[in-house]
Amino acid sequence: MKNIYNLSIILSFLGLWITSIFSGQIEIILGFVLIFSFGVLHGSNDILLIDTFSNSKTKYTFLRVLGTYLFAVFSVIILLYLLPAVALVIFIVFSAFHFGEQHWEYRLIKVPEVVLNIFYLLYGLLVLQILFFLNQDDVIIIVNSIISDTIPENLIRYCFIFNIAAFVLMSFYMFFKSRAFKKNILIELFYLIVFTIIFKVSTLIWGFTIYFILWHSIPSLFEQVVFIYGDFSKQNLLSYCKKAFPYWIISLIGITIAYFLFKNTKIFNTIFFSFIASVTLPHALIINKMFGRKKTQSIK
């Protein structure tokens with residue numbers, strides 16, 4: 001994983017170089033291309049992960065797994081339609097926890113589980129709120145189009161300040177309770193500085209793309225391949241991509257249709273967000289289950 005993050009640093013600064021030669025519009029287009037390639041791909045094998053969780057005697061049928069997953073996805077879509085503000089908050093919280101867990105889980109920090117989960121959430125929120133704070137105008141426009149209302153002007157700033165304070169306090173606790181955390185704190189602070197530079201220089205979409213692809217999706221792909229097949233190799237990666245391909249294509253077709261139907265209207269922001277949210281929430285739960293299973297297996 002360390003080698004992956006070292007590569008991520010190099011590619012992140014390559015991403016910054018791209019901002020100096022392309023317009024903001026090109027960044028947005030390139031960002032969407034990457035999100036719907038690597039980004040969607042890393043979440044396309046959730047059904048295979050669910051099947052991997054079950055033991056050989058109680059294998060779930062494909063239709064049962066698919067039906068359960070689709071039920072979760074459509075539940076999110078309905079919630080977005082009925083209570084968009086509530087759904088937005090839930091989406092941010094789940095995404096933050098998912099990002100934090102993916103980034104820190106492999107370090108095997110030994111503190112009480114509830115403390116670790118709070119830390120994952122605070123770390124993920126910090127990354128997202130750095131992005132939001134440095135791109136407030138764009139964030140407010142998107143949020144307003146989703147919830148059909150105007151959020152308070154200083155809400156992002158106040159949330160950011162509160163999150164920094166909570167994260168610092170939690171980090172002090174972790175520093176004195178965990179050797180693994182103490183060992184990695186300097187490099188993690190460096191990563192946060194890298195994220196801040198990226199989010200400051202880039203557009204909202206491009207900054208998120210760099211983080212989402214290089215610092216989340218690729219490490220997650222690595223973790224999933226190792227969990228499913230036992231180790232990471234070119235052959236196992238190809239097998240993973242082959243199994244994920246049908247779901248990836250279906251996702252691309254759906255969002256492409258939505259784009260051509262609504263590309264000239266504000267509703268596309270809502271459609272795009274609904275698609276991302278409906279896939280992200282069940283995916284976050286499945287990855288959490290995967291990490292829990294890994295811990296159980298390591299204890300055995």
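The values are calculated or read from the model by the stated rules, or taken from the named source; none is laboratory data. Source: prediction; values computed, not measured. Please note: Cβ atoms are built from the backbone with ideal geometry, for glycine as well, and neighbour counts cover all protein chains shown. Calculation scope for accessible area: heavy atoms of the full protein, side chains included, ligands and nucleic acids excluded. Shrake-Rupley method; radii C 1.70, N 1.55, O 1.52, S 1.80 Å.
Per residue, the accessible area of the range 138-208 comes to 60 Å² when a 1.4 Å probe rolls over the protein heavy atoms. Label separation (Tyr229 vs Arg107): 2.9 nm, computed from points 7 Å beyond Cα along the C-beta direction. Shown are Arg179, Arg107, whose ranking by accessible area with a 1.4 Å probe and every protein chain present, most to least, is Arg179, Arg107.
If R0 is 35 Å, the Cβ-Cβ spacing of Ile151 and Lys243 corresponds to a FRET efficiency of close to 0.30. Within the assembled protein chains, the solvent-accessible surface assigned to Cys159 is about 60 Å², based on a 1.4 Å probe. Legend: residues Lys200, Lys182, Lys242, Lys295, sorted from most to least accessible area (1.4 Å probe; ligands, DNA and RNA excluded), read Lys242, Lys200, Lys182, Lys295. Once all protein chains are placed together, Val33 keeps about 80 Å² accessible to a 1.4 angstrom probe.
Here the gap between Tyr81 and Ser20, fully extended at 0.36 nm per residue and compared with their Cα-Cα distance, gives a gain of 18.1 nm.
Each part reduced to its alpha carbon centroid, the range 222-240 and the range 158-200 end up 30 Å apart. In this view, the solvent-accessible surface of Val143, computed with a 1.4 Å probe and all protein chains in place, comes to about 20 Å². The mean sequence distance of close C-alpha pairs (under 8 Å, at least 6 residues apart), as a share of the length of the range 129-203, puts its relative contact order at 42 percent.
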